[in-house]
Amino acid sequence: MPIYSYRDADGRIHERVYPLGKAPRRIGLKGGGFAKRDIPADFRLRPPQASTGDQAWPIHSDAVGVLPSQREEAIAEAARVGVPTDFDHQGRAILRSREHRKRYCEALGFYDRNGGYGDPQRGERCKIDLGDRRRATSPFVPAELQESIGTLAGE
């Protein structure tokens, strides 16, 4: 459904979602007052939405993040493998672009199972997938977890 824009008396924009062609000319606002439909505001550029496939970079990734206590070690490891990457205070990897995400993930053995050609692909270092017998060789997987994964796989 499309997003329709409304402007209140103070000039602030309010966005609402309505079925196509069903948007009212004016809407009531919380706290009283009204806002009138602002058609030119409907056509202004909005930030990319994740659902459209576009991505606003940089992204902070939990999926390839580390524990906050491992932040400095992760920064050093990323530099060692040739893909300098920073981590925020929560341990999330800060990925600057799609290419940076691809290089970082592939260098450390992660891949995007549902990704396209420009996303991280499965390769020799990709050993974290539980279906792969060569898994759990990432420096960020604790040794005891690597041992338990090996035991589950019958190694």
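Fewest Cβ neighbours within 10 Å first, please rank D10, D42, D62 accordingly.
Details: D10 7, D42 16, D62 10.
The fewest-first ordering by Cβ neighbours comes to D10, D62, D42.
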Problem - Distant-in-sequence amide H partners of D38 (H built 1.01 Å from N, under 5 Å) - result: S5, Y6, R7
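Could you order peptides 102-112, 14-24, 64-74 by the average number of other Cβ atoms within 10 Å of their residues, highest first? Present the calculation step by step, with values, prior to reporting the outcome.
Working: 102-112: 20.6, 14-24: 11.4, 64-74: 15.6.
For the peptides 102-112, 14-24, 64-74, the packing ranking is 102-112, 64-74, 14-24.
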Fill in the blank from the handout: Residue by residue through segment 71-77, the couplings from Karplus 6.51 cos²θ - 1.76 cosθ + 1.60 with θ = phi - 60°, in Hz, x for Gly and Pro, are 4, 5, 5, 5, 4, 5, 5
Handout entry: Relative contact order computed over segment 3-43 (Cα-Cα under 8 Å; 6+ residues apart), in percent
Key = 47 percent
Handout entry: Long-range HN-HN contacts of Y18 with modeled amide H, under 5 Å
Key = Y4
Handout entry: For segment 24-32, 3J(HN,Hα) per residue [Karplus equation, 6.51 cos²θ - 1.76 cosθ + 1.60, θ = phi - 60°, Hz, x = Gly/Pro]
Key = x, 6, 8, 10, x, 10, 4, x, x
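For R113 and W57, what is the calculated FRET efficiency with R₀ set at 25 Å and r taken between the beta-carbons, to the nearest 0.05? Each step should come with its number before you reach the end.
On the way: r = 21 Å, r/R0 = 0.86.
Efficiency for this residue pair is about 0.70.
At a temperature of 37 °C and a viscosity of 0.692 mPa s, determine how fast segment 3-43 diffuses translationally according to Stokes-Einstein, using the Kirkwood radius over alpha-carbon pairs as Rh; express D in µm²/s, rounded to the nearest whole number. Kindly include the intermediate steps, with their values, before the conclusion.
Details: Rh = 10.2 Å.
Answer, rounded: 321 µm²/s.
By how many nm would the segment from E73 to R37 grow when fully extended, if each residue of separation counts as 0.36 nm and the alpha-carbon distance is taken off? Walk me through the numbers before you get to the answer.
Values: separation 36, 0.36 × 36 = 12.96 nm, distance 5.29 nm.
So the chain would gain 7.7 nm between E73 and R37.
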Practice task
For F87, enumerate residues with amide H under 5 Å from its amide H, sequence gap 5+ or separate chain, H modeled in the peptide plane.
Solution key: I94
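None of the figures in this text is laboratory data; all of them are computed from the coordinates on show. Owing to the predicted nature of the structure, the values given are computational and were not obtained by experimental measurement. Heads up, the Cβs are rebuilt from the backbone with ideal geometry, glycines too, and the neighbour counts pull from every protein chain shown.
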